[in-house]
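The values are calculated or read from the model by the stated rules, or taken from the named source; none is laboratory data. Treat the numbers as computed from the prediction; the structure is a model and nothing was measured. Backbone-built Cβ (ideal geometry, glycine too); neighbour counts: all protein chains shown. Note: areas computed on protein heavy atoms with side chains; ligands, DNA, RNA excluded. Shrake-Rupley method; radii C 1.70, N 1.55, O 1.52, S 1.80 Å.
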Amino acid sequence: QVQLVQSGGGLVHAGGSLNLSCVASGSITGPYVTGWHRQAPGKQRELVASMTSGGSKNYRNSAKGRFTISLDNVKNTVYLQMSNLKPEDTAVYYCNHYSDPSSIYWGQGTQVTVSS
């Protein structure tokens, strides 16, 4: 079992920045994949960014150049730095973590709201 606790998020004007953090605890064994998804009202949950414990990163196209995912293996914490935020980035953001794709753990979700 892995527990994920998120922090960060909030309300920001378009063009602003926000940072998200997600601390993992429990049975953390490598290699693993961790990252961030988001879900806007009435839409499906979508990948924002992910990275492996080995350091490989993946971003959705709309996040490239604006969002940065990073991982502190000592603190078992994954971060998402978001800049130049747009109203369409408004969503509930969820971190996740898995070693086995059949057993994915999710954080509690945090609201990000970008006003125009």
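How many residues does the range 16-29 hold that are part of a strand (DSSP E or B) and among the polar types (S, T, N, Q)? Steps first, please.
Narrowing the range 16-29 to residues part of a strand (DSSP E or B): 18-26.
From the residues that got through so far, the ones that are among the polar types (S, T, N, Q) too are 19, 21, 25.
Adding up the residues that qualify gives 3.
Every residue in the range 60-86 that is free of Cβ contacts under 8 Å to residues at least 60 places away in the same chain, assigned to a strand (DSSP E or B) and polar (S, T, N, Q), please. Give the steps one after another, and end with the answer.
To start, the set of residues in the range 60-86 that are free of Cβ contacts under 8 Å to residues at least 60 places away in the same chain comprises 60-78.
Of the ones still in play, those that are also assigned to a strand (DSSP E or B) are 67-72, 77-78.
If the condition is that a residue be free of Cβ contacts under 8 Å to residues at least 60 places away in the same chain, assigned to a strand (DSSP E or B) and polar (S, T, N, Q), then 68, 70, 77 are the ones that fit.
Of all residues in the range 40-52, those that are under 18 Å from residue 65 (Cα atoms) have Cβ atoms under 6 Å from Cβ atoms of residues that are open to solvent by 90 Å² or more (accessible area, probe 1.4 Å) and part of a strand (DSSP E or B), 6 or more apart or on another chain, in 51/57.
Of everything in the range 87-116 that is under 13 Å from the mean Cα position of the chain (by Cα) and in a loop (DSSP other than H, G, I, E, B), the residue that is surrounded by the fewest Cβ atoms within 10 Å (Cβ to Cβ) is 108.
Looking only at the range 30-59, filter to residues that are part of a loop (DSSP other than H, G, I, E, B) and hydroxyl-bearing (Ser, Thr, Tyr); which one of those is most open to solvent (accessible area, probe 1.4 Å)? Spell out the reasoning first.
Filtering the range 30-59 for residues part of a loop (DSSP other than H, G, I, E, B) gives 30-32, 40-45, 53-56.
From what is left, the residues that are hydroxyl-bearing (Ser, Thr, Tyr) are 32, 53, 56.
On the way: 32: 22, 53: 35, 56: 74 Å².
The qualifying residue most open to solvent (accessible area, probe 1.4 Å) is 56.
Once the range 1-29 is narrowed to residues that are of a type outside the set (A, V, I, L, M) and buried (at least 16 other Cβ atoms within 10 Å of the Cβ), the residue that is farthest from residue 75 (Cα to Cα) is 9.
Against the conditions (1) out of contact with any Gly (no Cβ under 8 Å at 6 or more places or on another chain); (2) surrounded by 13 or more Cβ atoms within 10 Å (Cβ to Cβ); (3) within 27 Å of residue 15 (Cα to Cα), residue 72 satisfies every one except (2).
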